[in-house]
Amino acid sequence: TFTPVLVILLIIASFLLGMLLTKVQYLEQNGGSLYQAGAGTQPAAAQQQAGAQAAQPGQKVNVAVGHLPLMGNKDAKVTVVEFADFQCPFCKQWFTEVESTFVNDYVKTGKVKFYFRHYPFLGQESTFAANASECANEQGRFWDFHDYLYQNQGQENSGTFAKDKLEADAATLGLNTAQFNSCLESDKYNSQVSADLADGQKAGVSGTPTVFVDGQPIVGAQPYSAFKAIVDQELAKK
């Protein structure tokens with residue numbers, strides 16, 4: 001016979017098993033490489049894209065480069081634009097496994113110019129982190145802050161990118177903390193961050209990371225070989 005306590009424990013175990021199976025199915029469906037914007041997992045602004053057509057590999061779209069500083073030579077032949085969320089683990093995977101090699105092979109050699117745009121859909125701390133990078137950009141330190149956020153990423157909305165933590169990050173990087181803190185506390189760049197998100201939606205971004213190579217989307221944290229093939233293809237056309 002089952003005691004009431006055992007019954008309760010079995011119910012809890014069944015619930016946890018169901019959650020685990022759901023997460024496994026999610027990762028399998030998305031190739032374990034893309035955080036998708038699905039109802040109930042994002043703020044209302046991002047849910048507006050539900051009716052938009054997702055970016056399709058092989059189909060070019062017009063993508064604006066945004067306002068953040070480019071990395072590389074402004075006269076480079078190929079333009080790469082990444083839409084990402086600083087809390088997204090697959091964006092960190094792309095940053096760790098692809099971006100550094102890409103920068104060495106294509107950006108530093110003058111072949112590609114690289115732009116970053118915000119797609120903060122994973123919660124409030126995504127917006128805080130995006131705003132913080134904008135505040136760092138005021139002091140000419142966007143890319144330094146960008147790298148630091150990915151290198152120190154924590155669990156989503158766990159407090160890692162709360163405002164006080166981001167202010168401590170700015171101090172660690174040697175930024176003017178008075179200027180940075182005032183900027184972050186005022187949510188000064190909320191409208192700019194929202195504009196990036198809206199542009200991503202228009203371009204068909206449905207998850208992060210999505211990287212556009214001359215307008216051709218590479219969806220998810222694809223391996224460097226896949227990325228390299230498309231970049232080389234675009235360079236060959238120039």
Give all pairs with beta carbons closer than 6 Å in which a residue from region 219-230 that is open to solvent by less than 40 Å² (accessible area, probe 1.4 Å) meets a residue that is among the aromatic types (F, W, Y); count only pairs at least 6 apart in sequence or on separate chains. A221/F90; A221/W94
Among the residues of region 120-138, are any touching a residue at least 24 places away in the same chain (Cβ under 8 Å) and farther than 16 Å from N190 by Cα? no
Does at least one position in region 114-131 carry a residue that is among the β-branched types (V, I, T), modelled with pLDDT of 95 or more and under 16 Å from E82 (Cβ atoms)? no
Residues to consider are Q36, Q42; find the one that is open to solvent by 40 Å² or more (accessible area, probe 1.4 Å) and at pLDDT below 95. Q36
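The values are calculated or read from the model by the stated rules, or taken from the named source; none is laboratory data. Computed from a predicted structure; not experimentally measured. Glycine gets a Cβ as well: all are built from the backbone with ideal geometry, and neighbour counts include every protein chain shown. Protein only, heavy atoms only, side chains kept; ligands, DNA and RNA dropped before computing areas. Shrake-Rupley method; radii C 1.70, N 1.55, O 1.52, S 1.80 Å.
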